[in-house]
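J.: Below is a structure I'd like to ask you about.
The values are calculated or read from the model by the stated rules, or taken from the named source; none is laboratory data. Just so it is clear, the model here is predicted, and its values are computed rather than measured. Please note: Cβ atoms are built from the backbone with ideal geometry, for glycine as well, and neighbour counts cover all protein chains shown. The area values use the complete protein model at the heavy-atom level, side chains included, leaving out ligands, DNA and RNA. Shrake-Rupley method; radii C 1.70, N 1.55, O 1.52, S 1.80 Å.
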Amino acid sequence: MANSNRPSTTTAHIFRGTFIHATQQTAVQILEDALLGVDTEGKIAFIRKGEELDKVSQAFGFSPSKVTQLTQHEFFMPGMVDTHIHAPQYSYIGTALDMPLLEWLNTYTFPMESRFKDMDFARKVYNQVVRRTLRNGTTTACYFATIHTDASLLLGDIAHKFGQRALVGKVCMDINNFVKHYKESSQESHEETRRFIAELLEKKYPLVKPVVTPRFALSCTGALLGELGEIAKNNNLHIQSHISENVEEVKLVKDLFRDSKSYTEVYHKFNLLTDKTVMAHGCHLSDEELVLFRETGASLSHCPNSNISLCSGLLNVRNVLNLKVKLGLGTDVAGGYSASMLDAVRKAVETSKLLTIQDPKHDTLTFEEVFRLATLGGSQALSLDNQTGNFEVGKDFDALRVNVSIPDGPIDLVQPEEPKILLEKFLNMGDDRNIVEVYVAGKKVVPFTELTEE
């Protein structure tokens, strides 16, 4: 188990029980009867064996009576990381999945997103989506908002209020040939992006940061893409967008950007592929494009529910991992009909099995590997793995307390099971009822407090 060289002066929480997380070397590492201490800054102060309680309590200056003991069917796991979710689209989640991507955007998405100039409507939806994702165990979310600066700032405020770690992006798009009132001029997009970034950074929220967000290549002129690349570079910011989601989109990008030999090269040309970039989907990327992702340090967000629901394609995650490209999971609400990362885990495994059905030589992903993608992999994809993603001393305590045998829950236990089986059952059958507590940076954010219930 990991050690701390010097005792923390004050511990805010001490837990004893089973901890399950991923490391770079091990997809699922189980620490049974472990002691984990969280300091007053929300960071993991120590991880020791339970039998060392007396020695550890003396070293770190706490009473053994302060320890919270987990029950037989409980464990802690790292909080899940949603690397791609459209917050405004939560307003119609679970509907409107009868069209391919581009028709879907023009028919449902753009008209709905245009409503977010109404701050009351935005407040209602954004409160709902942050509450729902936290209850579902998403401790970190990478959000697309809309083109509206003030409503996008509001999303950042709400994520901060609820204590969620979040990257929030004001969407940029100066091309929209179908819903003409839902776009900006290039100058307006550039200026409002700068205002959004400046005002969000000015708030100095510890867990909420801006992310530069060109919607995708088809909705942005080259001039705007270039300006956004410069803004991200000059401010050392994260970047998010979409890439190679469906075949028609890839063809249109090729026709629009004839001087670039691939979709990936379009973004690379405008300095939008960096080690702080996450691109959603990538279903139809060539190996050559994936190598460019690896060389630039850019990452992919695998959104299997959306890819199936909109009939976009099946991402070969094994190939992405073999080419050593960073990859996390995303719900892609509302192209995906669930705001739960547990659904993303299940759909990622199912997608891999579908590829195996098509080609029996395909190396199917294991649930252990997908568990890592939902936690540590997501934090790596967002370049936040120095802060969160697993239980290492010095990292923030972003964690879910899971009770597999919660009364009236979705899982029935017939016999005693080892922790790895409990994890597998939770990933395959569990839901928010099994997530009894959620911590972000050491603060318990679920159950919600009176302040966040307002």
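J.: Quick one: in region 350-397, which of the residues that are β-branched (Val, Ile, Thr) and part of a loop (DSSP other than H, G, I, E, B) is farthest from Leu329 (Cα to Cα)?
T.: Val393
J.: I want to confirm something. Restricting to region 324-350 and keeping residues that are farther than 21 Å from Gln240 by Cα and without any contact (Cβ under 8 Å) to a residue 40 or more places away in the chain, which single residue is surrounded by the most Cβ atoms within 10 Å (Cβ to Cβ)?
T.: Val349
J.: Phe448 versus (1) in a helix (DSSP H, G or I); (2) in contact (Cβ under 8 Å) with a residue 12 or more places away in the chain: which is the lone unmet condition?
T.: (1)
J.: If you don't mind, another one. Within the group Tyr143, Tyr182, which residue is out of contact with any strand residue (DSSP E or B) (no Cβ under 8 Å at 6 or more places or on another chain) and open to solvent by less than 10 Å² (accessible area, probe 1.4 Å)?
T.: Sole residue among the options that is out of contact with any strand residue (DSSP E or B) (no Cβ under 8 Å at 6 or more places or on another chain) and open to solvent by less than 10 Å² (accessible area, probe 1.4 Å): Tyr182.
J.: Still on this structure, please answer the following. What strands (runs of 3 or more DSSP E) lie completely within region 36-128 and have 2 or more residues being open to solvent by 10 Å² or more (accessible area, probe 1.4 Å) and touching a residue at least 40 places away in the same chain (Cβ under 8 Å)?
T.: Answer list for region 36-128: 44-49.
J.: Considering region 358-380 alone, what residues qualify as being within 21 Å of Gly297 (Cα to Cα) and either modelled with pLDDT under 95 or of a type in the set (Val, Ile, Thr) (or both)?
T.: Listed by number, the residues that qualify are Val370, Thr375.
J.: To continue, here is another question. If you scan region 235-250, which residues turn out to be within 20 Å of Leu285 (Cα to Cα) and in contact (Cβ under 8 Å) with a residue 40 or more places away in the chain?
T.: Gln240, Ile243, Ser244, Glu245, Asn246, Val247, Glu248, Glu249
J.: When region 290-309 is examined, which residues are found to be closer than 20 Å to Ser383 by Cβ and open to solvent by 10 Å² or more (accessible area, probe 1.4 Å)?
T.: Once the filter is applied, which keeps residues that are closer than 20 Å to Ser383 by Cβ and open to solvent by 10 Å² or more (accessible area, probe 1.4 Å), region 290-309 yields Val291, Leu292, Arg294, Glu295, Thr296, Gly297.
J.: Something else now. Pairs please, first residue from region 220-234 and polar (S, T, N, Q), second anywhere and part of a loop (DSSP other than H, G, I, E, B), Cβ atoms under 6 Å, 6+ apart in sequence or on different chains.
T.: That search, which allows pairs on different chains as well, returns Thr221/Asp174.
J.: Return the residues of region 404-443 that are touching an Asp or Glu at 6+ places or on another chain (Cβ under 6 Å) and not in a loop (DSSP other than H, G, I, E, B); say none if nothing qualifies.
T.: Of everything in region 404-443, just one residue is touching an Asp or Glu at 6+ places or on another chain (Cβ under 6 Å) and not in a loop (DSSP other than H, G, I, E, B), namely Val440.
J.: Right, next: Of all residues in region 215-241, which are open to solvent by 10 Å² or more (accessible area, probe 1.4 Å), closer than 12 Å to Tyr263 by Cβ and under 19 Å from the mean Cα position of the chain (by Cα)?
T.: Matches in region 215-241: Phe216 only.
J.: Can you pull out the residues in region 156-189 that are in contact (Cβ under 8 Å) with a residue 40 or more places away in the chain, farther than 20 Å from Val438 by Cα and out of contact with any Lys or Arg (no Cβ under 7 Å at 6 or more places or on another chain)?
T.: Within region 156-189, Val168, Gly169, Lys170, Phe178, Val179, His181, Tyr182, Ser186, Ser189 meet the criteria.
J.: Is there any pair with a first residue in region 251-264 that is in contact (Cβ under 8 Å) with a residue 12 or more places away in the chain and on the phi < 0 side of the Ramachandran plot and a second that is among the hydrophobic types (A, V, I, L, M, F, W, C) and in a loop (DSSP other than H, G, I, E, B) whose Cβ atoms are under 8 Å apart and which are 6 or more apart or on different chains, and what are they?
T.: Tyr263/Leu285; Thr264/Leu273; Thr264/Leu285
J.: Moving to a separate point now. Would you be able to say whether some residue in region 242-261 is under 18 Å from Val168 (Cα atoms), under 20 Å from the mean Cα position of the chain (by Cα) and crowded, with 18+ Cβ neighbours inside 10 Å?
T.: Yes - at least one qualifying residue is present in region 242-261.
J.: Looking for something of a type in the set (Asp, Glu), crowded, with 21+ Cβ neighbours inside 10 Å and more than 22 Å from the chain's Cα centre (by Cα) - is there at least one such residue anywhere in region 196-205?
T.: There is no residue in region 196-205 that is of a type in the set (Asp, Glu), crowded, with 21+ Cβ neighbours inside 10 Å and more than 22 Å from the chain's Cα centre (by Cα).
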